[in-house]
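Taking it in order: structure first as structure tokens, then the write-up.
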Amino acid sequence: MIILGLESSCDETAAAVLKTDGRSFTLLANIVSSQIAIHKKYGGVVPEVAARNHIKNIIPVIDECLAAAKIKPQKIDRLAVTVGPGLITSLMVGAETAKNLAYAWHKPICGINHMRAHLYANWLENPKLKFPAVCLIVSGGHTELILLKNQKSLKKIGQTVDDAAGEAFDKVAQLLNLGYPGGPVVSKWALNGNPKAFNFARPMLHSKDYNFSFSGLKTSVLYTVKKLPSLKANSAKLKADICASFQQAVVDVLVHKTIKAALDFNAQTVMLSGGVAANQLLRDTCKLKAESSRLNFNMPQIKNCTDNGAMIAAAGYFAQPIPWQKLRVDPNLSI
Ligand code: KG4
Ligand code: ZN
């Protein structure tokens with residue numbers, strides 16, 4: 001089966017062509033057009049600017065993707081497009097484009113949940129995962145733990161009660177004037193810092209549930225910054241130490257809760273996904289802890305952790321096609 005996946009829920013316009021029979025997942029093309037440079041000057045994504053740029057980019061991105069995959073529309077078996085959660089105007093650009101293509105090309109279409117797609121990015125790496133499995137999904141807007149009984153049975157067992165992990169990275173970067181998006185820039189600064197320099201709070205580390213909380217951690221970074229007059233003089237060493245200590249606190253909580261959930265639910269496999277799963281410390285620590293607990297470990301390549309069309313196409317394999325007339329976006333869709 002050949003699937004064209006389209007993604008436009010936030011600030012990336014993306015398309016991918018995936019060939020799969022369920023046993024192997026081969027990407028024929030994977031094109032992402034990022035708007036980071038455009039939104040950087042605003043310190044975050046401006047929804048109307050994002051939607052306008054999706055309109056400008058989506059057809060060229062699809063054309064480039066089909067050309068790179070050397071595929072004519074006739075060869076595509078199904079379309080898959082993100083329908084939520086995300087920014088409504090951005091979602092509508094992808095969904096309306098996909099509907100028009102489904103109509104013009106006479107193809108079935110699948111509406112894809114963006115968070116499920118992050119999880120299914122794991123199949124691009126390894127389609128022979130062992131179940132039950134626990135997947136940590138960490139993105140800019142969500143932090144969720146999902147229990148999978150099999151490929152299609154997904155149950156949310158935990159989530160953040162306030163900020164998402166990615167949001168915390170973005171806010172800390174803002175506090176330290178490091179730019180946007182926060183995750184990549186904080187982790188780069190952290191490379192030169194001491195993760196033990198500040199003992200930041202690790203909220204809910206030992207709570208009995210599988211929930212997370214990151215707003216207290218962000219506040220404790222804020223108070224630290226306010227108390228340090230030298231930061232105003234832009235001390236690079238201090239900034240690096242704050243980034244390293246903050247990153248360590250986030251990773252400690254994420255990994256502890258994920259491994260605990262996997263052991264409690266007798267899972268065979270631990271998986272990572274979402275934009276924050278691009279974080280090298282999280283990737284290395286989770287792999288190490290999972291394997292030392294005798295659990296299998298899987299994660300997508302870094303470029304398939306942040307938003308992309310490949311994960312949408314992978315999720316499209318597991319989704320039910322619907323007539324294009326029935327496709328609706330839902331900015332608040334939950335997993
Ligand atoms: O999944 P994603 O690309 O978009 C959403 O669905 O939200 O995730 C974006 C989030 C942002 O908060 C960004 O700061 C974070 O992922 N992120 C990272 C890294 N790369 C991206 N966080 C920590 N370390 C990274 N290397
Ligand atoms: Zn995402």
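Quick notes on this structure:
- Ordering of 246-252, 36-42 by packing [mean C-beta count within 10 Å, highest first]: 246-252, 36-42
- Using θ = phi - 60° in the Karplus curve 6.51 cos²θ - 1.76 cosθ + 1.60, the 3J(HN,Hα) couplings for segment 102-113 round to 4, 5, 5, 9, 6, 10, x, 9, 10, x, 10, 6 Hz; x is entered for Gly and Pro.
- Scanning residues 5 or more positions from Ala29 or on other chains, those with amide H under 5 Å from its amide H are Val17, with H placed 1.01 Å from N in the peptide plane.
- Amide H contacts of Asp330: Gly84, each under 5 Å away and 5 or more positions distant or on a separate chain (H built 1.01 Å from N in the peptide plane; Pro and chain starts excluded).
- 12 Å beta-carbon shell around Lys303, net charge (K/R +1, D/E -1): -3
- Stokes-Einstein D in µm²/s, Kirkwood radius over Cα pairs - segment 133-299 at 25 °C with 0.890 mPa s viscosity: 153 µm²/s
- Relative contact order [Cα under 8 Å, 6+ residues apart], segment 228-335, whole percent: 21 percent
- Karplus-derived 3J(HN,Hα) values for segment 210-220, using 6.51 cos²θ - 1.76 cosθ + 1.60 with θ = phi - 60°, are 10, 8, 10, 8, 10, 6, x, 5, 4, 5, 5 Hz; glycine and proline are entered as x.
- Listed residue pairs exceeding 28 Å between alpha carbons, taken from Lys19/Lys149; Lys107/Lys155; Lys152/Lys218; Lys56/Lys99; Lys152/Lys260; Lys40/Lys237: Lys107/Lys155; Lys152/Lys218
- Oblate is the label for segment 1-146, because a/c, from the alpha-carbon gyration tensor with a ≥ b ≥ c as root eigenvalues, is 1.5 or above and a/b does not exceed b/c.
- Rounded if a/c under 1.5, otherwise prolate or oblate - the chain, Cα gyration tensor axes: oblate
- Only one residue of Ala249, Gly166, Leu147 has its Cα farthest out toward the positive end of the dipole of segment 133-299, where Lys and Arg carry +1 and Asp and Glu -1 on Cβ, and that residue is Ala249.
- Taken as Cα centroids, segment 271-335 and segment 188-265 sit 23 Å apart, rounded to the nearest whole angstrom.
- Bridge type composition, the chain - antiparallel percent by DSSP, nearest 5: 60 percent
- Fraction of beta bridges assigned by DSSP in segment 133-299 that are antiparallel (%, nearest 5): 55 percent
- Label point at Ile38 placed 7 Å out along Cα→Cβ; residues across segment 1-22 whose backbone nitrogen lies under 20 Å: 6-16
- Highest to lowest packing among 316-325, 25-34, 159-168, 107-116, scored as the average C-beta count within 10 Å: 107-116, 159-168, 25-34, 316-325
- For Ile157, distant residues with modelled amide H under 5 Å away: Leu145, Ile146, Leu147
- The stretch between Leu263 and Asp162 holds 33.9 nm of extra length on full extension. This uses 0.36 nm per residue minus the Cα-Cα distance.
- Computed from backbone phi, the HN-Hα couplings of segment 328-335 come to 10, 8, 9, x, 9, 3, 10, 5 Hz, rounded to whole numbers (Karplus: 6.51 cos²θ - 1.76 cosθ + 1.60, θ = phi - 60°; Gly and Pro given as x).
- In terms of packing, defined here as the mean over residues of other Cβ atoms within 10 angstrom, the peptides 291-303, 208-220 line up highest first as 208-220, 291-303.
- Spin-label model, Asp63 to Gln174: label points 7 Å out along the Cα-to-beta-carbon direction sit 3.7 nm apart.
- The long axis of helix 165-175 is offset from the longest Cα principal axis of the chain by roughly 60 degrees.
All of the numbers you see were taken from the coordinates with simple rules; none came from a lab. Every value quoted in this text rests on a predicted model; they were computed, and no experiment measured them. Backbone-built Cβ (ideal geometry, glycine too); neighbour counts: all protein chains shown.
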